[in-house]
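For reference, the structure discussed in these notes is given below.
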Amino acid sequence: MERITTVKELRQRLDEARSQGKTIGLVPTMGALHQGHISLIERARNENDVVVVSIFVNPTQFNNAEDLRTYPRTVEADCEKLEAAGVDFALVPSVEEMYPEPDTRVFDLGPVAEVMEGPMRPGHFNGVAQIVSKLFDIVRPTRAYFGEKDFQQIAVIRRMVELEGFDLEIVPCPIKRHDDGLAMSSRNVRLTPEQREIAPVIYRTLKSSVDWAKNHTVEETKRYVIDEVNSFPHMQVEYYEIVDGITMQPITDWSQSECPAGCITCYCGDVRLIDNIKY
Ligand code: PAF
């Protein structure tokens, strides 16, 4: 594996690969890699000739300075994992390399970005669109891989791809979970042992809500999930929305969507966790 810190060098390497007709898979990450990331990399490895993984904690997508400051940074351990996973190129740039000047672009992300995480984290999706569009421009991947834990992010990235006219395939990959059901996340390391024991209630509740939904309304199902999760110590639901899985718009009746999805954000202590389920 080659560890590359400059955009220029990565472009050169990938131009060589492209001139030999090779396909390129990109897995954008913010590091603190876990098995969820590795599953994206394995998929990219199976489907492409060349695999590029970026590790970059993107400041423009953090709307909370403390969250940016405390985001786990484990680059050396991450690179060892990438090497073991058979990655060809790890892009590990500095902030100055990715943003030689401030990125002032404002993307017209439309309705997919106006709900759930949109209003909760102002500027977050615009920052994601900025960095992912830069990465797509640098790498020009054949395919790019994203985990479905960030369900709404995938819809936002699809919209950005449409706006910018990128010719590539977005590959959504299933959520990886611990044995107790908790969705893998770089933020889980911030949970205390007691909180870590309680946090699996999120997925347990989402799963049981699928049965509940069979004979309850959308509103009743939302109430069920919120009340159940909130009944546990340390847990505080920020929102639970049931939306159409493509448009991300909330539904009020099951008949309004062929692919409803429930998206939850909750605090476990002061750690913000997200998860989702398909109905
Ligand atoms: O999902 C993430 O880790 C980030 O939002 C991404 C896509 C790597 C952009 O910084």
Sole miss for residue 170 among (1) assigned to a helix (DSSP H, G or I); (2) modelled with pLDDT of 95 or more is condition (1)
Out of 63, 48, I need the residue that is touching a His at 6+ places or on another chain (Cβ under 6 Å) and either more than 16 Å from the ligand (Cβ to nearest atom) or not hydroxyl-bearing (Ser, Thr, Tyr) (or both). Which one?
63
Do we have any residue at all in the stretch 259-266 that's in contact (Cβ under 8 Å) with a residue 24 or more places away in the chain, under 29 Å from residue 75 (Cβ atoms) and within 23 Å of the chain's Cα centre (by Cα)?
yes
Residues (farther than 13 Å from residue 115 by Cα and in contact (Cβ under 8 Å) with a residue 12 or more places away in the chain) located in the stretch 247-257:
252, 253, 254, 256, 257
Restricted to the stretch 33-73 and to residues being of a type in the set (Val, Ile, Thr) and either in contact with a Gly (Cβ under 6 Å, 6 or more places away or on another chain) or surrounded by fewer than 15 Cβ atoms within 10 Å (Cβ to Cβ) (or both), the residue nearest to residue 121 (Cα to Cα) is 60
In the stretch 93-112, what residues are touching a residue at least 60 places away in the same chain (Cβ under 8 Å) and either surrounded by fewer than 18 Cβ atoms within 10 Å (Cβ to Cβ) or in a helix (DSSP H, G or I) (or both)?
94, 97, 98, 111, 112
When you scan the stretch 3-25, do you find a residue that is within 14 Å of the ligand (Cβ to nearest atom) and either in contact with an Asp or Glu (Cβ under 9 Å, 6 or more places away or on another chain) or closer than 25 Å to residue 99 by Cβ (or both), even just one?
no
Based on this model, can you work out whether residue 240 counts as free of Cβ contacts under 8 Å to residues at least 60 places away in the same chain and under 30 Å from residue 133 (Cα atoms)?
yes
Do we have any residue at all in the stretch 259-271 that's farther than 17 Å from residue 183 by Cα, surrounded by fewer than 19 Cβ atoms within 10 Å (Cβ to Cβ) and among the small types (Gly, Ala, Ser)?
no
Residues located in the stretch 183-209, provided they are more than 16 Å from the ligand (Cβ to nearest atom), part of a loop (DSSP other than H, G, I, E, B) and surrounded by 20 or more Cβ atoms within 10 Å (Cβ to Cβ)
191, 199
Residues that are at pLDDT 95 or above and of a type in the set (D, E, K, R), at least 3 per element: which helices (runs of 4 or more DSSP H) completely within the stretch 1-85 meet that?
7-19, 35-47, 75-84
Does at least one position in the stretch 115-133 carry a residue that is assigned to a loop (DSSP other than H, G, I, E, B), modelled with pLDDT of 95 or more and among the hydrophobic types (A, V, I, L, M, F, W, C)?
yes
Check the stretch 225-238 and report whether any residue there is crowded, with 16+ Cβ neighbours inside 10 Å, within 20 Å of the chain's Cα centre (by Cα) and not in a loop (DSSP other than H, G, I, E, B).
yes
List, please: which pairs have Cβ atoms under 8 Å, are six or more places apart or on different chains, and start with a residue in the stretch 137-157 that is farther than 24 Å from residue 121 by Cβ and end with one that is near the ligand (Cβ under 9 Å from one of its atoms)?
139/54
Do we find that residue 133 is among the hydroxyl-bearing types (Ser, Thr, Tyr), over 24 Å from residue 42 (Cβ atoms) and within 11 Å of the ligand (Cβ to nearest atom) in this structure?
yes
Subset of the stretch 155-170 that is buried (at least 19 other Cβ atoms within 10 Å of the Cβ) and in contact with a strand residue (DSSP E or B) (Cβ under 9 Å, 6 or more places away or on another chain) - its residue that is nearest to residue 8 (Cα to Cα):
161
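The values are calculated or read from the model by the stated rules, or taken from the named source; none is laboratory data. Values in this document were obtained by computation on a predicted structure and should not be read as measured data. Please note: Cβ atoms are built from the backbone with ideal geometry, for glycine as well, and neighbour counts cover all protein chains shown.
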